[in-house]
Every structure is written in structure tokens, then in C-alpha cells.
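Below is one structure, written out as C-alpha cells, with a few remarks after it.
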Amino acid sequence: MKAVLASLMELLRGDVQADRVVPPTGFTATLTTLTAGAMAFLAVFALALSFATGRLAERWSSELARSSTVRISAPEAELEAQTRAAQEVLRLTPGVARSRILGEEEQRLLLEPWFGPDLPIDALPIPRLIEVVEEDDGYDAEGLRLRLAAEAPGAVLDDHTRWRRPLVEAANRLRVLGWTAITLIALSTAAMITLAARAALAANAQVIRVTRLVGARDIYIARAFVRRFTLRTLAGGAVGTLLGMGAVALLPRAAEEGAFLTGLGFVGLHWLWPLLIPLFGAMVAFWATRGAALSALKALK
């Protein structure tokens with residue numbers, strides 16, 4: 001732990017003499033900066049995906065959980081009577097906040113995406129639909145089904161459970177995929193930085209041997225590599241994060257229909273989360289470079 005704290009202090013202070021061991025330019029510097037920027041850019045979108053799917057799952061679960069539908073299919077002579085009976089049952093059911101019969105125009109709008117705007121709804125035996133909005137505590141669905149069966153045999157309760165569960169599960173799986181992508185991005189960043197650090201160490205093997213001859217210890221040389229690669233990663237990650245946040249801000253806003261692809265982004269305080277990506281990338285670079293440097297320096301003995 002003391003060695004790690006000493007490395008962090010050295011990282012903040014810097015050492016001009018030690019920095020000369022690490023090449024300030026070259027393909028390793030470019031590779032590290034570009035990799036950090038590209039990975040941070042992708043991490044912003046993966047983070048946006050995770051938050052968006054989380055909001056989507058909560059909205060679908062909340063909206064579908066608090067609404068249900070009673071469908072009444074009965075002969076025309078009995079339709080009105082069964083509708084009134086179903087309405088009375090719903091009125092007396094604990095947990096039901098309100099219920100209302102959908103009008104012909106509302107039913108037409110519901111069927112329009114499948115059958116077109118010219119559907120002759122008056123000439124078709126379309127069931128009567130009653131929208132049910134429940135209270136926060138909900139209602140006893142099985143008990144309501146039994147009461148409807150007794151008072152209105154043609155009434156069928158659909159509490160949207162079969163629709164809600166797959167949608168919420170799909171959104172939750174997308175959220176898990178988003179965090180999995182962030183983990184893979186972090187691992188890929190660590191691998192690329194490790195390779196770049198090893199390449200820089202190999203390219204400066206002669207300089208390292210001379211530095212050892214004048215009394216420099218391996219931890220002193222390793223700190224120089226850790227500092228340079230960590231700062232490169234921090235700079236590249238900051239640029240990639242800002243570009244990613246700008247790209248997310250330019251995405252279309254969420255539509256009233258709740259389309260998923262138009263709701264991908266950050267809301268409110270969630271905009272602060274991407275700012276942690278460069279810091280997280282710098283931490284990954286610190287540990288990856290430290291491990292690679294110490295391992296490579298042992299091999300050069």
C-alpha cells in the first residue's frame with residue numbers, strides 16, 4: 001500500500017529526469033491517446049444505453065402494471081347489459097382507481113396500425129373495451145376475474161402481465177449488456193495500454209540499462225512510465241468523453257410514443273456520470289502500466 005501511495009504522489013509531482021526515460025512522442029504515445037479516446041467515446045454510448053434501458057424498463061413496468069383492460073365479447077343484444085355489469089363490478093372492486101369504456105374513435109386508432117384508417121368499425125363485431133386504471137396497491141386479479149365471470153360471462157380481464165414481463169426482461173437484459181460492454185471496454189483499454197507500455201520499455205531498453213548503472217531503481221523507472229501513460233490516457237479519455245457526450249446530446253429526443261431509439265441519452269444528473277470515464281480510464285492505465293513496467297523491467301535484468 002505504501003508503494004502505491006508513493007507512486008500516486010510521484011504521478012502528481014512528476015520528475016523531469018525520470019520522464020526522459022519515456023519517449024514523449026512516437027507510435028506508443030499516439031496509440032495510447034487514440035485508444036483511450038476511442039474507448040471513452042464508446043463507453044459514453046454504452047453508459048447511455050444502460051441508463052436509457054433502465055428508464056425504459058421502469059416506465060414500461062410502471063405504466064403497464066397500473067393499467068389493464070376488460071374485453072367484453074357478447075351477442076349484440078347482451079353487450080350493453082354486460083358492459084354495465086362489468087362497470088359496476090369494477091366500481092366496487094378495491095384497488096381499482098377508475099375505469100372507462102373506450103369509444104369507437106379510440107378503438108379505431110388502436111386498430112389503425114394493423115388494418116389502416118378506413119376500417120369499417122361499425123360493421124365489424126369488435127369487442128367492447130374497458131380501460132382499467134388501478135391504485136398503487138393494485139387489485140386482486142384472480143378475484144376480479146371470478147366476479148366478472150359471474151356478473152358478465154363475456155368479460156375477460158387482461159392485466160398485461162404476459163406483455164409486461166417480456167418487455168421488462170428485454171430492457172433489463174439490454175441494461176446488463178450495456179454494463180458488460182463497459183467492462184469489456186475497460187479490459188480492452190488495459191490490454192492496449194499494457195502492449196504500448198511494453199513496446200515503449202523494449203524500445204528504451206538501452207536507456208534503462210544506463211539508468212540502472214547510475215543507480216536508478218526499477219520502481220523509479222516504472223513511475224516514469226506509469227505517469228506518462230496515465231496522463232496520456234487521461235487526456236485521450238477526456239477528449240473522447242466530450243466528443244461522446246456531444247454526440248449523445250445531438251441524438252433525437254424521446255418521442256411521445258416512447259420509441260426506444262429516440263430515448264437513448266442522459267437525463268438530469270445522469271450527465272455527470274460520463275465525466276467519471278476519463279478518471280476511470282486513468283486508473284485502469286495506472287494499474288496496467290505499473291504491472292507491465294515492473295514485469296518488463298524484471299525481464300530486462
Give me the helices (runs of 4 or more DSSP H) completely within the stretch 1-108, filtered to those with at least 2 residues that are modelled with pLDDT of 80 or more, crowded, with 20+ Cβ neighbours inside 10 Å and small (Gly, Ala, Ser), ordered by residue number.
27-65, 76-91
Filter the stretch 28-43 down to residues that are in contact with a Lys or Arg (Cβ under 8 Å, 6 or more places away or on another chain) and within 18 Å of MET283 (Cβ to Cβ), then give me how many there are.
3
Of the residues in the stretch 215-237, those that are small (Gly, Ala, Ser) and within 35 Å of the chain's Cα centre (by Cα) come to ALA235, GLY236, GLY237
Confirm whether GLY138 is small (Gly, Ala, Ser), in a loop (DSSP other than H, G, I, E, B) and out of contact with any helix residue (DSSP H, G or I) (no Cβ under 7 Å at 6 or more places or on another chain).
yes
Matching residues, the stretch 134-149, being charged (D, E, K, R) and under 33 Å from the mean Cα position of the chain (by Cα):
GLU134, GLU135, ASP136, ASP137
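The values are calculated or read from the model by the stated rules, or taken from the named source; none is laboratory data. Source: prediction; values computed, not measured. Neighbour counts are summed over all protein chains in view; Cβ atoms, including those assigned to glycine, are modelled from backbone coordinates with ideal geometry.
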